[in-house]
């Protein structure tokens with residue numbers, strides 16, 4: 001699709017929606033005002049830090065209810081990309097630790113010390129480091145995906161957006177719960193459950209847990225070696241809800257998770273050299289080490305109504321996590337390139353905000369945010385550790401000394417501390433009956449220290465040979481002022497059009513991939529995005545049809561980018577000075593009747609680098625990574641039986657993603673072609689709602705596709721690739737009480 005055609009489509013769609021809104025004859029059945037209770041199937045969100053109907057929030061946000069997530073077997077955050085348009089991910093760090101890209105804004109860096117420009121929140125607690133993510137997609141109330149820069153409403157400033165996971169709270173005065181168990185191919189076994197118990201008339205406790213295990217879908221053909229891409233994990237969460245007075249509500253959450261599967265596998269190409277005799281779903285790997293990820297988290301959320309129109313909210317949290325895995329980087333049963341990674345992190349954060357709800361023309365949010373993240377990181381770059389370079393019959397230190405690179409290990413390590421302090425605000429003012437003005441400012445002060453960075457050359461047995469980067473320290477201190485202004489027009493029937501200008505900011509970053517020279521120790525400059533957005537939120541036909549649309553233009557400055565030299569595999573952290581992004585989204589939901597529903601999403605995207613050089617190549621005019629031109633999803637909800645024998649419903653689903661690159665040089669052979677994923681579930685629920693069963697399937701056409709690609713052909717003779725999950729299916733049965 002050409003740029004001119006793209007703009008024409010976006011503008012014509014918006015003109016159509018505005019025309020529908022402005023014409024009372026066409027919009028006469030558009031529904032009730034937005035402040036009334038949601039219709040069946042609608043979701044109340046807290047994207048703007050107030051409980052509001054999704055249709056009343058002048059933000060491009062997609063929300064998915066917890067029941068839908070559970071029935072669709074969305075058990076990891078990775079699977080959200082099939083539910084939300086213009087959301088992509090790179091799985092280069094493994095399952096449940098995704099690197100999200102939203103509207104083309106991405107983190108082109110897989111270092112374990114980095115934080116994504118698309119923030120991930122668990123119950124309003126920002127999870128920056130990969131070590132904090134863990135297992136979280138269970139017993140959820142909903143997931144909200146906010147597109148565009150965030151800063152005036154959220155504790156952490158981000159350039160790309162936010163993914164909010166909201167767990168179910170404990171309900172006072174209620175004894176309830178559920179339990180489900182499932183079995184699927186690859187010998188997969190799942191158990192999920194929760195129990196809610198009252199503790200007197202002012203408190204309640206909710207315990208939720210999940211467990212999953214399978215044998216791994218990446219078949220390892222090396223005798224005696226385990227299959228890769230296994231699942232082996234559990235998560236446990238306890239939630240205490242305490243309401244001592246009508247004005248004070250306290251929620252204490254504690255959780256832990258553990259993952260210990262066989263690690264992901266690398267699909268190494270070209271096939272005629274590296275994959276002779278192997279099918280698409282087979283690998284020859286010589287590393288038996290398991291992946292190990294442990295998380296601990298505690299968060300205290302307190303809401304105190306100072307007056308009938310003023311609430312003070314405090315969120316205090318502590319996170320601790322560790323992530324260790326040994327990557328068979330060459331994807332072969334040889335010791336050509338292998339990398340163990342180690343990441344240990346802890347974080348303390350405090351978010352304090354004052355929220356007004358006057359029901360008058362003026363309301364505001366004023367907040368303070370502080371976070372301290374401490375990280376220990378170590379990476380061991382093992383090159384050709386199976387090579388007898390000097391031909392003396394043994395592989396030892398002399399081979400490394402003679403070659404300078406073969407039969408060597410290059411191990412770095414460092415400590416990192418990042419502190420962030422911010423003051424943020426968001427205000428809205430209603431002018432008359434229809435026009436609402438929005439605005440907000442944010443001041444952020446970030447400090448970072450990288451201490452004790454050193455890199456050593458070791459032999460194949462881990463014995464010291466030479467120090468390549470002596471103990472070094474780096475630091476930065478930066479200030480940023482960002483904000484947002486906007487206006488929305490609210491029609492009599494509750495529909496809305498809105499426009500906004502906002503700026504997001506991402507703090508500087510340290511390079512974790514320096515191995516060979518002190519010159520590789522660099523700090524990437526702060527990243528900034530200025531967003532121009534217009535949108536519409538509409539409902540028609542007695543609120544049975546919902547159509548939400550948005551169009552946007554981004555001025556993208558200093559994208560932080562890890563550049564991998566394809567010859568020497570050296571890695572430098574740099575900035576791409578300037579890019580531009582524009583695009584649009586549309587989400588459509590139709591409730592034709594109580595038994596028939598339809599939902600669809602369409603995302604359009606155009607990206608171009610305006611200025612930048614990577615590995616000596618001028619990349620101006622190239623596409624950004626993780627930015628397909630089109631993404632789409634659709635699904636049908638059809639109830640075929642609803643009576644004394646219970647309810648039987650069908651839910652086919654499909655998602656599509658057009659071609660994209662995972663790197664900015666846009667190497668033709670590394671382009672991922674467009675593909676579609678087909679799946680769905682068939683559900684049965686007893687007439688009394690107590691028993692349920694589901695048959696589900698994902699990627700039923702067994703589509704083979706890549707989720708990340710890195711050019712290592714010139715230096716190592718292969719391209720490094722991650723692939724998506726193959727066909728999976730199973731059955732789940734459960735009960736509620």
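Here the sum of -39500 (n - 2.57) over DSSP H runs of 4 or more residues, divided by the residues of the chain, equals -1500 deg cm²/dmol at 222 nm, to the nearest 500. Shape verdict for the stretch 593-715, please, from the Cα gyration tensor: rounded (a/c under 1.5), prolate (a/b greater than b/c) or oblate. Prolate. Placing a label point 7 Å from the Cα of residue 445 along the Cα-to-Cβ direction, the residues of the stretch 338-361 with a backbone N closer than 18 Å are 349-352.
Seen through its C-alpha gyration tensor, with square-root eigenvalues sorted a ≥ b ≥ c, the stretch 58-102 comes out oblate because a/c lies at 1.5 or above while a/b is not bigger than b/c.
Which whole-angstrom value gives the distance between the alpha carbon centres of the stretch 512-544 and the stretch 281-326? Here the answer is 21 Å between Cα centres.
In this label model, residue 475 and residue 246 are separated by 5.3 nm, measuring between points 7 Å along each Cα→Cβ vector. If a spin label sat at a point 7 angstrom from the Cα of residue 378 along the line to its beta carbon, the backbone N atoms of the stretch 506-522 nearer than 20 Å would be those of 511-517. The modelled label-to-label distance between residue 413 and residue 191, using points 7 Å beyond Cα along the C-beta direction, is 3.9 nm.
Axis of helix 3-22 versus longest Cα principal axis of the chain: the two differ by about 20°, to the nearest ten degrees.
The Cα center of the stretch 413-435 and the Cα center of the stretch 707-731 differ in position by 38 Å. Sorting the segments 439-449, 457-467, 515-525 by their mean number of nearby beta carbons within 10 angstrom, highest to lowest, gives 439-449, 515-525, 457-467.
Put the Cα centre of the stretch 220-269 next to the Cα centre of the stretch 448-511 and the gap is 25 Å. Give the calculated FRET efficiency between residue 302 and residue 737 to the nearest 0.05, with a Förster radius of 51 Å applied to their Cβ-Cβ distance. Computed FRET efficiency for residue 302 and residue 737: 0.95.
Averaged over residues, the count of other Cβ atoms within 10 Å places the peptides 534-547, 173-186 in the sequence 534-547, 173-186, highest first.
Given R0 = 56 Å, the distance between the Cβ atoms of residue 396 and residue 51 translates into a calculated FRET efficiency of 0.30. Annotation: peptides 55-68, 696-709, ranked by per-residue average of other Cβ atoms within 10 Å with the highest first, follow the order 55-68, 696-709. According to the square roots a ≥ b ≥ c of the eigenvalues of the Cα gyration tensor, what is the shape class of the stretch 76-215, taking rounded for a/c under 1.5, prolate for a/b larger than b/c otherwise, and oblate for the remainder? Oblate, because a/c is 1.5 or more while a/b does not exceed b/c.
Throughout, read-outs are computed from the coordinates displayed, never taken from laboratory work. Just so it is clear, the structure is predicted and the values come from calculations on it, not from any experiment. A quick note on method: Cβ atoms are made from the backbone with ideal geometry, for glycine too, and the neighbour counts reach across all protein chains shown.
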